[in-house]
Structures are given as C-alpha cells and as structure tokens.
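For reference, the structure discussed in these notes is given below.
The values are calculated or read from the model by the stated rules, or taken from the named source; none is laboratory data. Everything numeric here is computed off the predicted structure, so don't read it as measured data. We place every Cβ from the backbone using ideal geometry, glycine too, and count neighbours over all the protein chains shown. With ligands, DNA and RNA removed, areas are computed over all heavy atoms of the protein, side chains included. Shrake-Rupley method; radii C 1.70, N 1.55, O 1.52, S 1.80 Å.
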Amino acid sequence: MAMTFIGSVFAAVASLLYPVVGSVAAFLWYGEKVTRRASIGIFIIILGSISIFGGKFIHDIHSAGGLQWLGYLGGLMAASGWGLEGAIAGIGLEFSESDTGLTARFIFELLFWWLIIIPIFVMTGFPIYEYATAVFQPVPLMVLAFTGLASGFCYVTWYKSFPLIGVGRGQGVANLYGLISIILLFLFVGSTPGWTVFIGGLLCVAGAVVMFTEEPLEIETLRNQNTEGLKMEDNF
C-alpha cells in the first residue's frame, strides 16, 4: 500500500521504524530490557537509514495525489507488523529454534495469501493466472530462487538474534540493510549514491558502533528483574 500510493522510498523509510515498535512491544509484554545505550544506537541507525532513502522521499509524498492517507496507513501497518512480529518471535523462540519459527511463519503467510489475498484478486478480475504462469520463465524463476535463499538465510539469522541480544537490538542492527543495499547496488549495478547516502551511511555506522560497544554485562540478562520469574503461561 505504501509503495503503491506514495512510493517505494517512503515505504522503506516507514518500515525502518519497526525496531521502535518491536522494542516497546517486547518491553510492555514481557519486560525485555533496553538500555539507554542500545536505544541511542537504534535511534541513530534509524536516522541514518532515513537519510539514505531521503533523496526521493519528499518527491514520493508530493506525487501521491489525494491518496496519501492510504500510503501512510500502509507504512504504519508495515512498521507495526514487523515490530510485533519481532516481539512475538522473541518470546516464542525461547521455547523453539529459529528454523522452526521460520517454518511456522512462512506456512501461515502462505495460508494468508491462498485463503485471503488470492481469492480477493480473483474476485476483482486481477489476471492472477497470467502472472502466476509468468513466474516459470527462466529469468523470473532464477531471481525468485536467489531471493528465496537470501530471504531464508536472513530470517533464520534474524530470528536467532532475538533470544541472544533482544528484539530491539536485533531489529536495530537489521536496519543496516539500507546501507548494505546501497553498497551492493554500487558494486553490482554501478549506481552512484547521493550526498544524503554518505551522511546516512556515517550515521548507520555510528549507531552500530554505539550498540556493538555496549558492555556485555548489560545484555547478560535481557529481562528486567521484576519479570524474571514470569512463567511460560503468563506470556501467552
């Protein structure tokens, strides 16, 4: 929704706020501890990521016509959904492995598409069969295969970080994807970044340094002391 009604850059910027949602949800739900240093690092990385995508940000908003509210709603839903996903995974992965959580996540996503989204597309006359058969051409199939491998690796490692360093830190570090994507675009496509990208890159690195230099004892216990004794049934 955000990409359609405002633009891909705005969608990326909006979704970058999901570590805030995840940190707050994890803190309120099961008392996950977020230190001041970790909060500062997350905030700096978010600022840097917004700067990276900021070159086309204003243009996307102004070109939305009269449907900006749908784009804003989509961006809010994306940030909320990813943030809450992290909070839910953070508690669930205390009782299961990351590959198990990944399998469950994508099974339910598959059911969501087949039971809700695809039937809606079919009923509204969207040429779903034409697009589905186009996937089996060599180039789209190869792109989707590599995307699936990258996405699977991403999610397994992303989920694994939650029980080790916490939801807020895991999602905050994951926001470095903005900087990494710009570097890879420059290496493989030759896309020259603008000055906002360099500023954003410096902010992302600075935020990561702030988080990575946090004292190990600070994250030895990820829960606040008053929630240490919570039982499994209290979390669900």
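Okay, here's what the table says:
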quantity: Residues located in the stretch 122-143, provided they are at negative phi and open to solvent by less than 70 Å² (accessible area, probe 1.4 Å); calculated: 122, 127, 128, 132, 134, 135, 140
quantity: Subset tally (residues that are part of a helix (DSSP H, G or I) and either modelled with pLDDT under 80 or open to solvent by 50 Å² or more (accessible area, probe 1.4 Å) (or both)) for the stretch 27-37; calculated: 5
quantity: Within the stretch 202-236, tally of residues that are modelled with pLDDT of 70 or more, under 27 Å from residue 87 (Cα atoms) and surrounded by 10 or more Cβ atoms within 10 Å (Cβ to Cβ); calculated: 11
quantity: Close pairs (8 angstrom Cβ cut-off, 6 or more residues apart or separate chains): under 13 Å from residue 183 (Cα atoms) and in contact (Cβ under 8 Å) with a residue 40 or more places away in the chain in the stretch 197-212, open to solvent by 10 Å² or more (accessible area, probe 1.4 Å) and of a type in the set (Phe, Trp, Tyr) anywhere; calculated: 200/53
quantity: Residue 56 vs. criteria farther than 25 Å from residue 165 by Cβ, basic (Lys, Arg) and at pLDDT below 80; calculated: yes
quantity: Qualifying residues in the stretch 1-23 (those that are more than 15 Å from the chain's Cα centre (by Cα) and of a type in the set (Val, Ile, Thr)) - the one surrounded by the fewest Cβ atoms within 10 Å (Cβ to Cβ); calculated: 4
